[in-house]
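Notes follow once the structure below has been shown.
What follows draws every value from the coordinates through simple rules; no lab data is involved. Please read these numbers as outputs of a predicted model, since none were measured by experiment. So basically every Cβ, Gly included, is an ideal-geometry build from the backbone, and we count neighbours across all protein chains shown.
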Ligand SMILES: C[S@@+](CC[C@H](N)C(=O)[O-])C[C@H]1O[C@@H](n2cnc3c(N)ncnc32)[C@H](O)[C@@H]1O
């Protein structure tokens, strides 16, 4: 019989999702071929653009055949087109990907892509929210700390689920390293508070122990992390810090895109416009493998119920991590 997390992941990564991913790769590898044929080798490339070009070369060599008529649409398609159009000036060192993705149309597309209305991303948000709902106890108050909340896609999904299942007060603290993102997310989500659910926002960088009032108080029942922790400079240290913020019996719920060694994740087509974190230099992907996650959890001296989808080229990891 499948354990809890595996059952959740496998129920979300269905045939339709796999067809969508295949369709995304048809587009990504086609765009990558066009970009690579235009750019070839750029001797004067910066580290970021050289890494991005290497990724594009690998993607362009990928043989993908579409077995269905599915085609990416909506925010996924908008994101791919935005990246395709941005690559020429990015690779030439004339534009900055961070400015492009975190302002104007870029920010709106980013927000839409990471929301649960995007079928390419919904399983990551949904897997974490389902695991979170499983931690709610009848009539018992709960404190949740979300890290890397970004534009609030996972936050919205979590709040929707909590609204349905909570029977006692829930205190939800959403955090992110970026005060700018957090401010705009707070503007959108502040109204989400209900009689039972209180929502607060505070900046927090999970590479370090917290110093701000609300996070450093600790005593959380759940630390909630969707597609954020792979950015940690040293994952075991971040996991140790986060586990120290838990109540007795508390857990860290982690949902992440993962990548087998030498493989790629379609999201990287646009994420590579952002600098590659130092610790992923020289790796084929900014996302970690399932083994990387297991090692980091083990190094942090924590235990986990960890699951990845059984089928499919792109993988979703759901882990519930706790103290031994
Ligand atoms: C791919 S987005 C995650 C999406 C977000 N969970 C959502 O559902 O919209 C990664 C997020 O992690 C945040 N992040 C990256 N490094 C971080 C750090 N060291 N501490 C806190 N947040 C971080 C980024 O600012 C970004 O918002």
(request) Count the DSSP beta bridges whose two residues both fall in the range 189-324, then state the antiparallel fraction as a percent rounded to the nearest 5. (result) 70
(message) Please rank 283, 298, fewest neighbouring Cβ atoms within 10 Å first, as an exposure proxy.
(response) 298, 283
(message) What distance in nm lies between label points placed 7 Å from Cα along the C-beta direction at residue 195 and residue 294?
(response) 4.7
(message) Order these by the 10 Å Cβ neighbour count, fewest first: 176, 301.
(response) 301, 176
(request) Counting helices only, and only those DSSP H runs with n ≥ 4, report the 222 nm mean residue ellipticity of the chain as the sum of -39,500 (n - 2.57) divided by its residues, in deg cm²/dmol to the nearest 500. (result) -13500 deg cm²/dmol
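Nearest-5 percent of antiparallel DSSP beta bridges in the chain? Before the final figure, lay out the partial values.
Numbers: 14 of 36 bridges.
Among the beta bridges of the chain, antiparallel pairing accounts for roughly 40 percent.
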(request) Return one number: the angle in degrees, 0 to 90 and rounded to the nearest 10, between the long axis of the Cα atoms of helix 47-60 and the longest principal axis of the Cα atoms of the chain. (result) 80
(request) Rounded to the nearest 10 degrees, what's the angle between the helix 153-165 long axis and the longest principal axis of the chain, both from Cα atoms, 0 to 90? (result) 30
(request) At 7 Å along the Cα-to-beta-carbon direction for both residue 107 and residue 177, put a label point, then send me their distance in nm to one decimal. (result) 1.9
(request) Name the most mobile residue of 61, 133, 174, meaning the one with the largest mean-square fluctuation, in a Gaussian network model of the chain with Cα contacts below 10 Å. (result) 61
(request) Name the most mobile residue of 155, 65, 185, meaning the one with the largest mean-square fluctuation, in a Gaussian network model of the chain with Cα contacts below 10 Å. (result) 65
(message) What distance in nm separates the two pseudo spin-label positions at residue 213 and residue 34, each 7 Å out from Cα along the beta-carbon direction?
(response) 5.2
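Between residue 165 and residue 16, what is the FRET efficiency for a Förster distance of 25 Å, r being their Cβ-Cβ separation, to the nearest 0.05?
Values: r = 26 Å, r/R0 = 1.04.
The value I calculate is 0.45.
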(request) Take the Cα gyration tensor of the range 194-324, multiply each eigenvalue by 5, square-root it, and list the three semi-axes largest first, rounded to whole angstrom. (result) 26, 17, 15
(message) I need the Debye-formula profile for the chain: one equal scatterer per C-alpha, no solvent, reported as log10 I(q)/I(0) at q = 0.07, 0.10, 0.12, 0.15 1/Å, two decimals.
(response) -0.27, -0.56, -0.82, -1.28
(request) Mark the label point 7 Å from the Cα of residue 187 along Cα→Cβ and return the residues of the range 100-126 whose backbone N is within less than 18 Å of it. (result) 100-113
(message) Compute the helix-to-body angle for 122-133: its Cα long axis versus the longest principal axis of the chain, expressed 0 to 90° and rounded to tens.
(response) 10
